[in-house]
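What follows is a short report on a single structure.
The values are calculated or read from the model by the stated rules, or taken from the named source; none is laboratory data. Worth saying up front: this structure is predicted, and the values here are computed from it rather than measured. Glycine also receives a Cβ, built like all others from the backbone with ideal geometry; neighbour counts cover every protein chain displayed.
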Amino acid sequence: MRILAIDTSCGAASVAVVETGRIEPLAIVSRAMARGHAEALAPMVEEVARGIEGGLPSIGRIAVTVGPGSFTGIRVGLALARAMGLALGIPVVGVSTLVAFAAPLLSEPRPGIIAAAIDARHGSVYFQLFEPSGRPLGPPRCDTLRECVRGIGAGPALLAGDAVELVAAEAHRAGLPYDLAAAAAAPEILAVARIGLALDPAHNPARPLYVKPPDARPNPAEPIARTSA
């Protein structure tokens with residue numbers, strides 16, 4: 001099976017096509033960006049499609065990161081993935097951004113607790129803890145750096161994600177041993193693809209994984225101004 005993987009959840013826009021049984025991707029494009037995912041993503045998908053024999057009709061599944069991460073970026077990736085799934089008549093599977101960040105640490109398990117962490121701003125992080133085997137130690141959370149480190153326990157902490165330096169600073173203050181080897185601004189798109197191949201679309205729908213409300217929301221005390229007819 002061929003899978004098209006899409007990620008716009010953090011600091012990059014990434015697209016890849018991976019085929020079951022092949023180590024190397026058939027096509028891959030990734031560009032670092034803090035914003036502008038909406039303008040960049042569709043041309044990147046088109047570029048990848050031109051690079052594979054059979055083009056988009058040869059794709060059997062789509063995987064897309066569902067968060068947590070950038071509210072806007074998540075919506076951009078999901079909108080395109082769902083639209084393509086409908087147009088091509090193929091399933092779309094949602095992949096947790098935190099699981100994708102943790103994935104490289106699962107290929108060679110080491111003693112310790114895997115902490116995948118994404119900067120949620122304002123001194124908070126989205127995080128999820130995993131055993132070295134990959135078994136989650138609870139659901140994704142949004143909490144303070146102190147609570148993230150407290151959840152790791154005695155460690156050592158194997159840190160992954162774009163907030164590893166923030167978590168590492170707190171771990172250092174707490175005297176917790178840690179490893180920064182999996183620091184990254186965005187999850188590896190090949191990890192997203194391989195996770196997407198392993199998941200059942202029926203149980204992993206492509207819908208956003210929000211673990212906190214958006215920062216920007218209407219003020220209920222101030223009614224929206226309306227123009228007169």
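Condition test on residue 154, is it outside any strand (DSSP E or B), at pLDDT below 95 and either farther than 25 Å from residue 64 by Cβ or in contact with a Ser or Thr (Cβ under 8 Å, 6 or more places away or on another chain) (or both)?
yes
If a residue must be surrounded by fewer than 20 Cβ atoms within 10 Å (Cβ to Cβ) and either in contact with a strand residue (DSSP E or B) (Cβ under 8 Å, 6 or more places away or on another chain) or part of a strand (DSSP E or B) (or both), how many such residues does the range 91-111 contain?
Applying the first criterion (surrounded by fewer than 20 Cβ atoms within 10 Å (Cβ to Cβ)) to the range 91-111 yields 91, 104, 106-111.
Among the residues that remain, those that are also either in contact with a strand residue (DSSP E or B) (Cβ under 8 Å, 6 or more places away or on another chain) or part of a strand (DSSP E or B) (or both) are: 91, 104, 106, 110.
Of the residues in that region, 4 qualify.
Can you report the number of residues in the range 29-48 which are in contact (Cβ under 8 Å) with a residue 40 or more places away in the chain and more than 13 Å from residue 186 (Cβ to Cβ)?
Looking only at the range 29-48, we keep the residues that are in contact (Cβ under 8 Å) with a residue 40 or more places away in the chain, and these are 30, 32, 37, 45, 48.
Remaining after also requiring more than 13 Å from residue 186 (Cβ to Cβ): 45, 48.
Of the residues in that region, 2 qualify.
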